[in-house]
Structures are given as C-alpha cells and as structure tokens.
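The structure appears right after this line, and notes come after that.
The values are calculated or read from the model by the stated rules, or taken from the named source; none is laboratory data. Just so it is clear, the model here is predicted, and its values are computed rather than measured. We place every Cβ from the backbone using ideal geometry, glycine too, and count neighbours over all the protein chains shown.
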Amino acid sequence: MDLQAIVDRIAEDIAPHRGEGRVADYIPALAKADPNKFGIAIATPDGACHRAGDAEEGFSIQSISKVFTFALALDKVGDALWHRVGREPSGTAFNSIVQLEAERGIPRNPLMNAGAIVVTDHLIDNGDADAAIERLLSVLRDHAEDSSIDIDYEVAMSESATGARNRGLAHFMASFGNLENEVEVVLSAYFRHCALSLSCAQLARAGLFLAFDGKDPVTGERILSSRRCRRINAVMMNCGHYDNSGDFAFRIGLPGKSGVGGGVFVVAPGEGSIAVWSPGLNEAGTSLVGALALERLVEHTCWSVFS
Ligand code: GLN
C-alpha cells in the first residue's frame, strides 16, 4: 500500500473543507490557532513517517496528552488505578461534573478531564509536580526520538488563568478524598501536560507503541505490557472523544483520542499510528476536518478494527 500517495490524496480531498469547524476559545491562547491549518502523519513499524500538509508544525495536543499520562499511571500503579477512576463511557462533555456527585467523586474514565486529573495525581510523588512533568517529557522525547518536544508555557498559563471548571472538578473530587496531592499541585501538572506542543509527525511516532501491543516496533523496546496496551486502546475506543465517541467509532472504527487544540491521534493495531491536526472543532470538541481526513484514511486502507 502506498501510504504516501494516500496521505497526499487525503490532503487534496479535504482541501475544500479547510477552515470548517470552530476553534476552541475558552482557553484564550488556543483561540489564536489558524483554522486553515491541516496536517496528517502516519508512523509505520519500519520507522517511516508519511506526512502531508502542516504535519511538521507543533500544535497544542491538549487532551491527547491524557493517553500518555494514562499509560504512565497504568504502568506505575497497575490495576489499583481502577479504584479511583472508572472505564465506562460518560456520554457527557469533556469537562462535565454531573456524574461526579452521584458516583461519589469517582470519574467515569481516565480520558475525560476529571479522570485525567486523578491520573495526573497518581504520577506525582512527594508533592513534586515538576518531577512528574519532567518524567513525562523525557518519556515522550524517548518515544518520539526527538528531544525538542516541549510544553507551550503560554498555553499552560492561559489555561490556568481560565481554569475555573477544572478547579471545580478537582476540588469536588478532593472533597470525596479522591486526590492525594493538593488541588493546585495536581492542576499545575495537568495544565502543563495539556499544553504539550507536538507536530503530527512527532505525535504519531510517540504513540506508535500503542499500535504494536505496547512494544515500539522501530527500537524493539517494550514500553507497556500487551495487556495494558489493549486496555488503553479499549478505553480510547469507548471514551476517547467524550459524547462523540460512538459517532467516532461508527465513522472511523479506530481507537483514538481528540484534543481541543484540533489534534486527533488514532491507532491502527498492527499497522501504524496516525495523527491529524486541524483546529476547527465540532460540537463535542473533536477536530471536524481531522475526523473527515480519518474517515478517508479508513476508506483507503480498510484499517478499521471492525473490518
Ligand atoms: N486542557 C483542556 C481542558 O482541560 C483539555 C480539553 C480537551 O482537549 N478536550 O479543558
């Protein structure tokens, strides 16, 4: 299969749609993104990366970072993670608080904001949020074989300055005893990991191990057990796009995670990992043009896990 021809074709096909969707503006620094941007990259086990459009340009990966913190926490604490966060789809928005009261401060899943905040809490030892972020950065740089990956501190500060909802979620969970560290310590790490800036090419490479049962097919390094890798992919399939997860599975049929920066990361098990970016979002906060591009990709490759 000529994947380079496929990504070139997808970039051509979606060109008339560039600029569609609504750029997230609730984090002021994100509102500056150019809605006409579009990038796609596919990382494959031979170490190649097929790219088209703005695939080399860094963007705010936002909630896609939750996949990497989830993987680190599962690796660190194992099944104990499930005592403090569930693994069911929420059917609600990424920043929803409604279920938390009835479910006694246990968020539905690790990929919605409340769940990701609990996951981040697991990564902080001795109240040291900086060390947790350093570790995450070093892991991502290793996975992507790219030491230039970093956090966009302007985005992190902008998110913190407007973070009333996430503070609300965190305090609410703390009231049920579901945070071990101070709320502001956990959020300082959470805002920073959401503000990670990666290009499509870096993101696809960083997550390649998730398409290969937890083992990086290029370096041969085992990053996660195959059982845990399968579980992450299962949670991505059911919960990766909040109340849009059903539609995403219906249209694309690959485990994935969206972020309000307009990125979407998806895994085609045994084939490769894909990152797309286009800042205009649909109602549920998934990149509108990014999802169109992924639909085309699955038509061209038949990579849906349901085929
Ligand atoms: N950092 C964003 C927030 O917490 C992440 C949301 C997202 O990408 N869906 O609001």
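Based on what the data block shows, is residue 220 more than 13 Å from the ligand (Cβ to nearest atom), out of contact with any Gly (no Cβ under 8 Å at 6 or more places or on another chain) and within 24 Å of residue 53 (Cα to Cα)? Spell out the reasoning first.
Values: more than 13 Å from the ligand (Cβ to nearest atom): yes; out of contact with any Gly (no Cβ under 8 Å at 6 or more places or on another chain): yes; within 24 Å of residue 53 (Cα to Cα): no.
No: the conditions fail for residue 220.
Looking only at residues that are touching a Ser or Thr at 6+ places or on another chain (Cβ under 7 Å) and within 15 Å of residue 95 (Cβ to Cβ) in the range 266-286, which one is nearest to the ligand (Cβ to nearest atom)?
Among residues in the range 266-286 that are touching a Ser or Thr at 6+ places or on another chain (Cβ under 7 Å) and within 15 Å of residue 95 (Cβ to Cβ), the one nearest to the ligand (Cβ to nearest atom) is 285.
Only one of 126, 109 is within 22 Å of residue 74 (Cα to Cα), within 16 Å of the ligand (Cβ to nearest atom) and not hydrophobic (A, V, I, L, M, F, W, C). Can you tell me which? Walk me through it before giving the result.
Working: 126 fails: within 16 Å of the ligand (Cβ to nearest atom).
Result of the check over 126, 109: 109.
Has the range 4-21 got any residue that is within 16 Å of the ligand (Cβ to nearest atom) and modelled with pLDDT of 95 or more?
Within the range 4-21, one or more residues are within 16 Å of the ligand (Cβ to nearest atom) and modelled with pLDDT of 95 or more.
Of all residues in the range 6-37, how many are in contact with a helix residue (DSSP H, G or I) (Cβ under 9 Å, 6 or more places away or on another chain) and farther than 22 Å from residue 154 by Cα?
Result for the range 6-37: 12.
Only residues in the range 98-116 that are surrounded by fewer than 18 Cβ atoms within 10 Å (Cβ to Cβ) count as the first member; pair them with residues that are aromatic (Phe, Trp, Tyr), Cβ under 6 angstrom, at least 6 apart or cross-chain, and list the lot.
The qualifying pairs are 104/176.
What tally of residues in the range 131-157 results from selecting those that are without any contact (Cβ under 8 Å) to a residue 40 or more places away in the chain, more than 19 Å from residue 204 (Cβ to Cβ) and of a type in the set (Asp, Glu)?
Total meeting the criteria: 1.
Going through the range 143-155 one residue at a time, which ones are closer than 27 Å to residue 209 by Cα and either within 13 Å of the ligand (Cβ to nearest atom) or in a helix (DSSP H, G or I) (or both)?
At the first step, the residues of the range 143-155 found to be closer than 27 Å to residue 209 by Cα are 143-152.
Hits for the range 143-155 are 143, 144, 151, 152.
On the basis of being in contact (Cβ under 8 Å) with a residue 24 or more places away in the chain, of a type in the set (Gly, Ala, Ser), in contact with a Ser or Thr (Cβ under 9 Å, 6 or more places away or on another chain) and buried (at least 24 other Cβ atoms within 10 Å of the Cβ), does residue 263 make the cut? Before you say what the answer is, go through the steps one by one.
Numbers: in contact (Cβ under 8 Å) with a residue 24 or more places away in the chain: yes; of a type in the set (Gly, Ala, Ser): yes; in contact with a Ser or Thr (Cβ under 9 Å, 6 or more places away or on another chain): yes; buried (at least 24 other Cβ atoms within 10 Å of the Cβ): yes.
Taking the combined requirement at face value, the residue satisfies it.
Any residue at all in the range 67-85 that is in a loop (DSSP other than H, G, I, E, B), at pLDDT 95 or above, under 25 Å from residue 199 (Cα atoms) and touching a helix residue (DSSP H, G or I) at 6+ places or on another chain (Cβ under 9 Å)?
Pass one, the range 67-85, residues in a loop (DSSP other than H, G, I, E, B): 84-85.
From what is left, the residues that are at pLDDT 95 or above are 84-85.
Next cut, under 25 Å from residue 199 (Cα atoms) only: none.
Checked the range 67-85: no residue is in a loop (DSSP other than H, G, I, E, B), at pLDDT 95 or above, under 25 Å from residue 199 (Cα atoms) and touching a helix residue (DSSP H, G or I) at 6+ places or on another chain (Cβ under 9 Å).
What do you reckon, is residue 201 modelled with pLDDT of 95 or more, in contact with a Cys (Cβ under 9 Å, 6 or more places away or on another chain) and over 17 Å from residue 69 (Cα atoms)? Spell out how you get there, then give the answer.
Values: modelled with pLDDT of 95 or more: yes; in contact with a Cys (Cβ under 9 Å, 6 or more places away or on another chain): yes; over 17 Å from residue 69 (Cα atoms): yes.
It is true that residue 201 is modelled with pLDDT of 95 or more, in contact with a Cys (Cβ under 9 Å, 6 or more places away or on another chain) and over 17 Å from residue 69 (Cα atoms).
From the list 115, 91, which one is within 16 Å of the ligand (Cβ to nearest atom), of a type outside the set (A, V, I, L, M) and at positive phi? Lay out the reasoning, then the answer.
Details: 115 fails: at positive phi.
Matching residue, one of 115, 91: 91.
Could you please find all residues in the range 174-187 being touching a residue at least 12 places away in the same chain (Cβ under 8 Å) and closer than 28 Å to residue 198 by Cβ?
179, 181, 183, 185, 186, 187 - these are the residues of the range 174-187 that are touching a residue at least 12 places away in the same chain (Cβ under 8 Å) and closer than 28 Å to residue 198 by Cβ.
When the residues of the range 163-190 are narrowed to those that are surrounded by 15 or more Cβ atoms within 10 Å (Cβ to Cβ) and part of a loop (DSSP other than H, G, I, E, B), which ends up nearest to the ligand (Cβ to nearest atom)?
Looking at residues that are surrounded by 15 or more Cβ atoms within 10 Å (Cβ to Cβ) and part of a loop (DSSP other than H, G, I, E, B), I get 163.
Please enumerate the residues belonging to the range 243-261 that are in a loop (DSSP other than H, G, I, E, B) and within 16 Å of the ligand (Cβ to nearest atom). Give the steps one after another, and end with the answer.
Of the range 243-261, the ones in a loop (DSSP other than H, G, I, E, B) are 252-255, 259-261.
259, 260, 261 - these are the residues of the range 243-261 that are in a loop (DSSP other than H, G, I, E, B) and within 16 Å of the ligand (Cβ to nearest atom).
Which ones in the range 1-36 are surrounded by fewer than 19 Cβ atoms within 10 Å (Cβ to Cβ) and part of a loop (DSSP other than H, G, I, E, B)?
Scanning the range 1-36 gives 1, 2, 18, 19, 20, 25, 26, 34, 35, 36.
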